[in-house]
1. Under 8 Å for C-alpha pairs, at least 6 residues apart: give me the relative contact order for segment 69-187, rounded to a whole percent.
2. Per residue, how many Å² of accessible area does segment 7-154 show with a 1.4 Å probe?
3. Explain nothing, just compute: Karplus ³J(HN,Hα) = 6.51 cos²θ - 1.76 cosθ + 1.60, θ = phi - 60°, for every residue of segment 106-115 in order, whole Hz, x for Gly and Pro.
4. From the P(r) of segment 76-119, can you give the percent of Cα pairs sitting at distances over 13 Å?
5. Tell me which residues come under 5 Å, amide H to amide H, from I65 once H is placed; ignore anything under 5 positions away on its chain.
6. Based on the alpha-carbon set only, what is the convex hull volume of segment 16-136 divided per residue, in Å³?
7. Farthest toward the dipole's positive end in segment 1-97, which of P61, L50, A18, given Cβ charges of +1 (Lys, Arg) and -1 (Asp, Glu) about the Cα centre?
8. May I ask you to order 123-130, 101-108 by the average number of other C-beta atoms within 10 Å around their residues, highest value first?
Amino acid sequence: MSVPGAVRTGVPTWRTLATAVPRARLFDMLDRGSALTVVHAPGGFGKSTLLATWLHRGGAPERDIAWVPVADDAAPDRIWSDVCTVLGEHVAPGDPAERLAEVLRSRPAPSLLVLDGLPATALDDLLPAIRHLLDRCPSVDVAVCVRGSAASAAVATAGVDCTFVSAHDLRFTPRETAEFFRAAGVELAADEYGDLCRALGGLPQLISGALNVARLHRGAPVDQEGRPSPELAVAIAGSASVLLD
């Protein structure tokens, strides 16, 4: 959903976002409007999908949005330079962080910067630069998608108002699993949603795979003892191999 008056630059429009289920409990966490929001989990937990869905459904309604993919080897200066580029601003030789602060302070509306795909090992190096930007630009908030199972402990002691969304938070609940299946037109018995969610640990990538299995094959995705069907077990094995790599 577009929000009148807001400038939303670079927010993904992936096909899957059209069918993504609103996750009210997680949207409530994002709606806190903390100066810094850190969404941290391994691949397959739907970090970017969560933030993009929230924005498309009206999150941060009064803020200009700049969504910036982060390269694996990006240093803070490279990240701030990329943000300036997304905002359509030329970066002259000098300090990209200073140029970005100037650009953001000159904008009439408050802003939200989304840094998508930051490696967990890079968070410690970037945190001082984020804190400096937040100090210099009180009308700016930052959200970071971190590829890793744990956020830096330094964030908690940095004196920044911060909201953490962890891998545990991102796991589907049985209710969310039911909403996800029903929104796609797939109905299971009432207790099967809970069985499925427990069997797959609530992992969004596996829940999505189970939905595809349920569309293609008759019968329950899990049996009465909570074991995945053979087709779903194959899908789980493939996804687990990718995650472990």
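1. Numbers: 109 pairs, mean separation 27.7, N = 119.
It comes to 23 percent, rounded to a whole number.
2. On the way: 6510 Å² over 148 residues.
Normalised by residue count, the accessible surface of segment 7-154 is 44 Å².
3. The phi angles translate into 7, 7, x, 9, x, 10, 10, 9, 10, 9 Hz.
4. Working: 492 of 946 pairs.
The calculated P(r) of segment 76-119 puts 52 percent of pairs beyond 13 Å.
5. When sequence neighbours closer than 5 places are left aside, the close amide H contacts are V7, R8, T9, L112.
6. On the way: hull volume 14.2 nm³, N = 121.
Taking only Cα atoms, segment 16-136 has a hull volume of 118 Å³ per residue.
7. A18
8. Numbers: 123-130: 17.9, 101-108: 14.1.
Descending mean neighbour count gives 123-130, 101-108.
The values are calculated or read from the model by the stated rules, or taken from the named source; none is laboratory data. All of these numbers come straight from a predicted model, not from anything done at the bench. A quick note on method: Cβ atoms are made from the backbone with ideal geometry, for glycine too, and the neighbour counts reach across all protein chains shown. Each accessible area value is taken on the protein alone, full model and side chains, heavy atoms only, with ligands, DNA and RNA left out. Shrake-Rupley method; radii C 1.70, N 1.55, O 1.52, S 1.80 Å.
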